1. Please verify whether region 388-408 includes one or more residues that are at positive phi and touching a residue at least 60 places away in the same chain (Cβ under 8 Å).
2. Go over the candidates 411, 424 one by one and state the one that is over 39 Å from the mean Cα position of the chain (by Cα) and either closer than 25 Å to residue 369 by Cβ or in the same structural domain as residue 354 (by TED's automatic domain parsing) (or both).
3. Regarding residue 199, is this residue under 22 Å from residue 322 (Cβ atoms) and at pLDDT 95 or above?
4. Taking interchain pairs and intrachain pairs at least six residues apart, which have beta carbon atoms under 7 angstrom, with the first residue in region 207-228 and touching a residue at least 60 places away in the same chain (Cβ under 8 Å) and the second buried (at least 20 other Cβ atoms within 10 Å of the Cβ) and assigned to a helix (DSSP H, G or I)?
5. So, residue 5, is that one surrounded by 15 or more Cβ atoms within 10 Å (Cβ to Cβ), outside the structural domain of residue 135 (by TED's automatic domain parsing) and within 29 Å of the chain's Cα centre (by Cα) or not?
6. Against the conditions (1) within 16 Å of the ligand (Cβ to nearest atom); (2) outside the structural domain of residue 162 (by TED's automatic domain parsing), where does residue 87 fall short? Just the number, please.
7. If a residue has to be closer than 27 Å to residue 95 by Cβ, part of a loop (DSSP other than H, G, I, E, B) and out of contact with any strand residue (DSSP E or B) (no Cβ under 8 Å at 6 or more places or on another chain) to count, how many in region 266-323 make the cut?
8. Please work out if residue 88 is surrounded by 16 or more Cβ atoms within 10 Å (Cβ to Cβ), in contact with a helix residue (DSSP H, G or I) (Cβ under 6 Å, 6 or more places away or on another chain) and modelled with pLDDT under 95.
Ligand SMILES: [Zn+2]
């Protein structure tokens, strides 16, 4: 069997976070009673005129800039004409041709081994979403909900020939894109609700061949895992077909996540003729250089560069840094805390106890009553020896539930760390009470020391500093 290469074009649609829809004042929100968030403009009734949403345009420009695109300084909207019940106007307002808002960009994915790979992007444009048809059991026909009709939608398409070459890279691409959209605050990126739709187009060809294979499209992949599985499954299916001498048919597949297989939805017999033409009801948009530059200046540091900086600047391991930058607010919280206390210890507390408490309360680490200042206070109290790590673990809970600072709790509870003199006495008592263990340690069994440390800690009720205990034990045993 010859060796095959997989190529995957990626098409992603993201619903944009705006108060109102793309061309009217209807609320842009997920769900709602069917057909309560629509008006004559959403439905394209005769006599209505659309007015574009400036915020949506700005979201696409910022995304395009973050994806290293050039900006078309003059951009227009088109009508994509087709008939389908979810599109009562008979056309979708979209951007066609060579002047979408963003062109010729790229996004970098980070592979498992830490290396970066550039994925070229051909366009980022603005369009409107369609309504949704719903199948109600027992009704015998479909019903329409137009709440989603006219919601601003951004489409991002990778370049040809595709740079994505495996299911894993398709997943990494989708994950990276989503985190960028979240950092920019342009979309909520909820794949399970369809506000981010990732549609890979895999094809296979024999290694060394210059001719790209026929691609298929996979839809309704509502998690990153399914993106990877879907591409891997389709690539295998295509290779098996080629091996059997069967043709690959250009078609759209749905993903059945229960059976873990792709299901044929629609064969594309010919490229549909959409009769694109410039939308006569909308004026062209001409950007000013200053406007674009002010948006460029507003871009945040993006997740992958930020992760790499965290590793370098704070000496964090890759896995910790990746977790800390997963959300912009989490990364901001970490940096605000790390300014005030040892960054590595801050990371440990954030990813350990604080995450555990936040998860149990269905909160995010950055929005709990433990502010960056409070967490830094806790970490510093351990560092200064005001409290031990063990006491800190007891205090973080009331800090979380009552929003108290570590200083308040130390005072309220009269917490005092045992001074070295007290620890010295305990050490002497423990040594006297355990002659067998002492003999073992003196015979070279270092491991037995742990038992004595435990005994001293127990007697000191956790209020002894580990450094003191170890030092005094070593001195006594020397
Ligand atoms: Zn409307």
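The values are calculated or read from the model by the stated rules, or taken from the named source; none is laboratory data. Keep in mind it's a predicted model, so treat the numbers as computed, not measured. So basically every Cβ, Gly included, is an ideal-geometry build from the backbone, and we count neighbours across all protein chains shown.
1. Within region 388-408 (the criterion being at positive phi and touching a residue at least 60 places away in the same chain (Cβ under 8 Å)), the answer is no, since none of the residues qualifies.
2. Testing whether each residue is over 39 Å from the mean Cα position of the chain (by Cα) and either closer than 25 Å to residue 369 by Cβ or in the same structural domain as residue 354 (by TED's automatic domain parsing) (or both) leaves just 411.
3. Taking the combined requirement at face value, the residue does not satisfy it.
4. What qualifies is 213/238; 227/170; 227/171; 227/174; 228/167; 228/170; 228/171.
5. Working: surrounded by 15 or more Cβ atoms within 10 Å (Cβ to Cβ): yes; outside the structural domain of residue 135 (by TED's automatic domain parsing): yes; within 29 Å of the chain's Cα centre (by Cα): yes.
Yes.
6. (2)
7. 13
8. yes
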